[in-house]
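Before any comments, here is the structure.
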Amino acid sequence: TLGEAQSCRLLPAPRSGGDRDIPRAPERVPATLKSWLYRHCSSVQQRDRQAQKAGQLFSGLLAMNVVFLGSAFISSMIFNHVAITLADVWILLSILKVVCLCWIIYYLLGTSRQPHAVLYRDSHAGPVWIRGSLLLFGSFSVLLNVFQIGYSVIQIHCKSKVEIVFPSIEILFVSTQAFFLWHHSKDCIQVQHNLTRCGLMLTIATNLLLWLLAVTNDSIHMEIESQLREVEQRLAGNETNLCACPNTTTCKVFQKGYILLYPFNTEYCLICCSVLYVMWKNVGRRISHHHAPHIKPKFKLQGVVFGPLLGAAAVIIGICVFMMYQIQATGSAPNRQVFVMYYSYYIVLLPLMSVCAVVGTIIHAVEKRELDTLKNPTRSLDVILLMGAALGQIAMSYFSIVAIVATNPKDLLNSLILSYSVLLIFQYITQNIFIIDGLQREPFVAAIEARHRRVSVLELGQEFRRVSLSYMHSYSHLSWKRKALKEISFFLVLCNIILWIMPTFGAHPVFENGLEKSFYGYSTWFAIVNFGLPLGVFYRMHSVGGLLDVYVSA
């Protein structure tokens, strides 16, 4: 009750309350009331923690059941597309999206507008580049659905109405969700805890199912394209397919745009899941004011030269390699030379990235910045996503290593693929260590503020002057380390961007070179690629955000 809460504010709060940081009040408690208040307040706080755990458990179980149900529908569609069709999956997802839309609108117009609803905001949640990525990928997802609607309208004689209704609902869902996350990703909501947790978890489950469906459809497109390449060449000019795209520019634009923009939809769904999870962790969280940062680091390019130059060179060369690969890969069956060129680019770039990450980790170890020990759901999620997303590409690399060593490792192309796989594993590990170590360090401006705040409390002029001179000396002595961290971080940002672009827009040599496919069999290797490739793409994009955090904090 309100009276119980006001009484409990008179007592110093215990420090074992999870991620709830409750400020201590300066009032003195009478000795006669002290023991009763301690017992009373501890029971209130214990009931509050139990209610929080129960709400998290119930909302988590709700999301788990929805994900299992949707996964069963999608899997049934893949293995038995006669009993469960794509239209059935779309109907299920449309129902989920409508329910999520109702909750988001209720949150925007009802929950967030209640008195004392948002007393605290998590400064670490929803950084500007994450929200910018949401808007970017959300815009491309809307454009993807526009292309899908246009393509379905042209093919209306052999398309069902569901194929027009589903993308229309998707446009409304993506737009509303992007607006909601842009304005409320930092909220620590203090009212309607259970309803908000269930709404957030239901939205997370819906985005996961949309991601699973998008990955499945993209993979099916890759499978059909690779299997029927020779058949299409033999049957050129045969108009027996009633649903074939007419020979018009508009239909071709809609068809190619629909296929090209698929990866952006998968990335949008994964980003939304990560932001929504942080909001779910922040429900009911109270943040003390002395833990809020007074000075926020800002992104500046001042003093950074070699990182942008080397990174820009890597991006330009990578774009040239990617264009040459795409021209030869889409024109006919790709030859050995295009694979040699592609893997050679990776073999040159990956060791350079690994060396930079190792040097950055050494600088972190030598540097005197303290570790940030405060609980931070955003940072914990970043670490989990970095480690989990890296497993996809690492697993693919180990499968490739086994296939090459067991067949013919002395062949030129096989030796390049073997070197590429080994270097890729090492690069993932070193980069993860560098990013995670950097995320756990206090920003340099926060260290400056904390040091000056501690000195000002002393109110001793001589001590202030001595500590300030000592700190200025250490500032100038460590400046080269911070500069090196910024150069390394910026170089790795640009490298990860180009390594995200190449597989996102269709460069899939792990599936097209034929080595692993012939060793494991088409279906097995296709399932491995289907698991690892989307996670690898997401890892590159997510590591860009982590590296930008490391760059800013340095």
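In this structure the amide hydrogen of residue 286, modeled in the peptide plane, comes within under 5 Å of the amide hydrogens of 21, none closer than 5 places in sequence on its chain. Amide hydrogen proximity for residue 120: with H placed 1.01 Å from N in the peptide plane, the residues at 5 or more positions away or on another chain lying under 5 Å are 188. Largest to smallest in accessible area, the residues 161, 481, 281, 256 fall in the order 161, 256, 281, 481 (1.4 Å probe, all protein chains included). Near residue 441, the amide H atoms lying under 5 Å from its own belong to 372; only residues 5 or more places off or on other chains count, and H is placed 1.01 Å from N.
Going by accessible surface with a 1.4 Å probe and the largest first, 129, 182 read 182, 129.
Label sites at residue 383 and residue 341, each approximated as a point 7 angstrom past Cα along Cα to Cβ, lie 4.4 nm apart.
The HN-Hα couplings worked out from phi for region 165-177 by the Karplus form 6.51 cos²θ - 1.76 cosθ + 1.60 (θ = phi - 60°) are 5, 4, x, 5, 5, 4, 4, 5, 5, 5, 5, 5, 5 Hz, whole numbers, x standing for Gly and Pro. Coupling constants for region 354-365 follow from the phi torsions by the Karplus curve (6.51 cos²θ - 1.76 cosθ + 1.60, θ = phi - 60°), and in residue order they are 5, 4, 4, 5, 5, 4, x, 5, 5, 5, 4, 5 Hz; glycine and proline get x.
Computed over protein heavy atoms with a 1.4 angstrom probe, the accessible surface ordering of 269, 102, 198, largest first, is 102, 198, 269.
Quick one: of 256/486; 256/281; 161/252; 256/410; 186/486, which pairs are farther than 30 Å apart, Cα to Cα? Those over the limit are 256/486; 256/281; 256/410. Explain nothing, just compute: Karplus ³J(HN,Hα) = 6.51 cos²θ - 1.76 cosθ + 1.60, θ = phi - 60°, for every residue of region 495-504 in order, whole Hz, x for Gly and Pro. Result, ordered by residue: 5, 5, 5, 5, 6, 7, 5, 4, x, 5 Hz.
The values are calculated or read from the model by the stated rules, or taken from the named source; none is laboratory data. It should be emphasised that the depicted structure is a prediction, and the values quoted were computed from it without experimental measurement. Don't worry about glycine lacking a Cβ; one is built from the backbone with ideal geometry, like all the others, and counts go over all protein chains shown. These accessible areas exclude ligands, DNA and RNA; they are computed on the full protein's heavy atoms, side chains included. Shrake-Rupley method; radii C 1.70, N 1.55, O 1.52, S 1.80 Å.
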